[in-house]
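Visitor: This structure is in structure tokens; I'll ask about it shortly.
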DNA sequence: GCAAATAAGTGACCACGGTCAATTTATGGA
DNA sequence: TCCATAAATTGACCGTGGTCACTTATTTGC
């Protein structure tokens with residue numbers, strides 16, 4: 001009945017992750033090749049796919065890990081007290097998300113959980129993002145006619161929109177941060 | 001100096017598009033294979049890439065064409081007079097966008113123009129969407145503290161968010177239309 | 001300790017998007 | 001009509017993600 005995970009398995013998996021991480025640091029996410037990872041880890045290609053469903057599963061781990069680190073940092077700082085503060089505090093996160101077009105695409109593709117039973121690292125981060133921002137909103141003085149959770153989801157939607165527009169040549173005039181602030185002021189502090 | 005486009009070119013391109021369209025109607029967008037398209041069009045693989053930069057360029061044409069048809073229809077109907085009306089009128093468009101996960105991903109990836117000089121069909125549709133909705137908002141009685149263009153961009157952001165959440169198992173409880181209406185009421189008619 | 005059972009790892013192979021030097025076909029001028 | 005030039009087409013070939021029948025290593029029962 002016992003199916004203990006063999007030491008070998010852990011070592012192999014660790015090496016794969018380690019080398020993948022190193023390769024990403026050297027040449028970025030988009031340039032990552034499975035063949036390079038296995039070559040440097042000293043295993044066969046098939047071994048890679050015994051450890052990760054596909055290349056994207058590894059990508060999710062790498063990118064999700066980075067998102068988690070950045071979220072951690074954003075959480076461990078005093079609550080921002082206005083829209084500009086919220087934008088500033090989320091900036092490192094948004095910078096990373098837009099550091100490569102490829103990264104942004106992967107994040108969007110995996111931001112939702114495909115199945116309840118298996119919530120991927122990126123989907124988890126997206127939830128954490130909403131929870132974090134909802135907390136900030138609850139603590140601050142923003143509109144009260146809708147609840148903080150919904151407002152936080154809106155912040156995420158506007159952040160995604162702003163990031164997408166940053167990649168768009170037609171909307172390059174306005175900076176990412178300026179655009180996001182405009183959206184969030186209209187969303188969080190409407191003056192009707 | 002004359003460089004008239006040969007009849008042959010037009011015929012080949014038309015055949016490729018025609019067969020691709022037929023294949024999509026038979027098996028959906030995700031299942032489309034370049035090899036199948038060229039086989040049915042009776043040309044070599046290289047010919048395909050002489051007509052389209054890559055597979056995605058064809059995908060953009062097919063999906064962009066569909067979006068245009070649906071936008072046309074949405075434009076040729078009386079202006080909706082409330083949030084529910086806006087959602088209803090955009091429904092066919094949103095349904096198509098979420099008809100396949102793959103379609104949604106392609107749309108997101110190409111919703112922004114990579115270069116001002118070359119705005120793709122999908123990016124064009126996204127602009128048209130914003131213009132259309134901005135017109136509706138100007139004609140209706142919604143908040144006036146920010147301009148219609150910005151509000152329309154917000155509508156698009158919330159539509160994208162709602163569609164993304166529809167693919168997410170964690171948020172399957174609420175229907176797409178209900179969620180979008182909740183967002184849009186909060187966005188277009190805040191009651192602070 | 002040893003054999004059977006199970007887990008881990010291997011690498012030849014496939015699918016499919018994309019490239020390019022070579023070939024075929026069309027066009028305009030003499 | 002024929003030739004020179006340019007445009008269109010070809011298909012063998014490549015890169016890379018992913019599969020799977022088989023081999024090798026590890027654990028378990030006796």
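Visitor: Check residue B:39 against each of (1) within 12 Å of DNA strand D (Cβ to nearest atom); (2) assigned by TED's automatic domain parsing to the domain that holds residue B:112 and name the one condition it does not meet.
Guide: Of (1) within 12 Å of DNA strand D (Cβ to nearest atom); (2) assigned by TED's automatic domain parsing to the domain that holds residue B:112, only one is false for residue B:39: (2).
Visitor: Only residues that are under 23 Å from the mean Cα position of the chain (by Cα) and assigned to a helix (DSSP H, G or I): list them for the stretch B:37-58, please.
Guide: If the condition is that a residue be under 23 Å from the mean Cα position of the chain (by Cα) and assigned to a helix (DSSP H, G or I), then B:37, B:51, B:55, B:56, B:57, B:58 are the ones that fit.
Visitor: In addition: Of (1) within 26 Å of residue A:182 (Cα to Cα); (2) within 16 Å of DNA strand D (Cβ to nearest atom); (3) within 12 Å of another protein chain (Cβ to nearest Cβ), residue A:100 satisfies all except one. Which?
Guide: Answer for residue A:100: the failing condition is (3).
Visitor: For the stretch A:120-140, check the following and say yes or no: at least one residue is under 22 Å from residue A:178 (Cα atoms) and free of Cβ contacts under 8 Å to residues at least 12 places away in the same chain.
Guide: no
Visitor: Output yes when any residue across the stretch B:7-14 is within 13 Å of DNA strand D (Cβ to nearest atom), part of a loop (DSSP other than H, G, I, E, B) and out of contact with any helix residue (DSSP H, G or I) (no Cβ under 7 Å at 6 or more places or on another chain), and no when none is.
Guide: no
Visitor: Take the stretch A:22-48 and flag every residue that is surrounded by fewer than 17 Cβ atoms within 10 Å (Cβ to Cβ) and away from DNA strand C (no atom under 12 Å from the Cβ).
Guide: A:22, A:25, A:26, A:27, A:28, A:30, A:31, A:33, A:36, A:40
Visitor: Going through A:177, A:153, A:149 one at a time, which residue ends up being in contact with a helix residue (DSSP H, G or I) (Cβ under 9 Å, 6 or more places away or on another chain), over 23 Å from residue A:58 (Cα atoms), at the interface with chain B (Cβ under 9 Å from one of its Cβ atoms) and modelled with pLDDT of 95 or more?
Guide: A:153
Visitor: Have a look at B:21, B:54, B:68 and point out the one that is farther than 24 Å from residue B:95 by Cβ and more than 9 Å from DNA strand D (Cβ to nearest atom).
Guide: Testing whether each residue is farther than 24 Å from residue B:95 by Cβ and more than 9 Å from DNA strand D (Cβ to nearest atom) leaves just B:54.
Visitor: Of everything in the stretch A:177-192, what is within 21 Å of residue B:111 (Cα to Cα), touching a residue at least 60 places away in the same chain (Cβ under 8 Å) and crowded, with 19+ Cβ neighbours inside 10 Å? Give them in sequence order.
Guide: Listed by number, the list holds a single entry, A:180.
The values are calculated or read from the model by the stated rules, or taken from the named source; none is laboratory data. Computed from a predicted structure; not experimentally measured. Don't worry about glycine lacking a Cβ; one is built from the backbone with ideal geometry, like all the others, and counts go over all protein chains shown.
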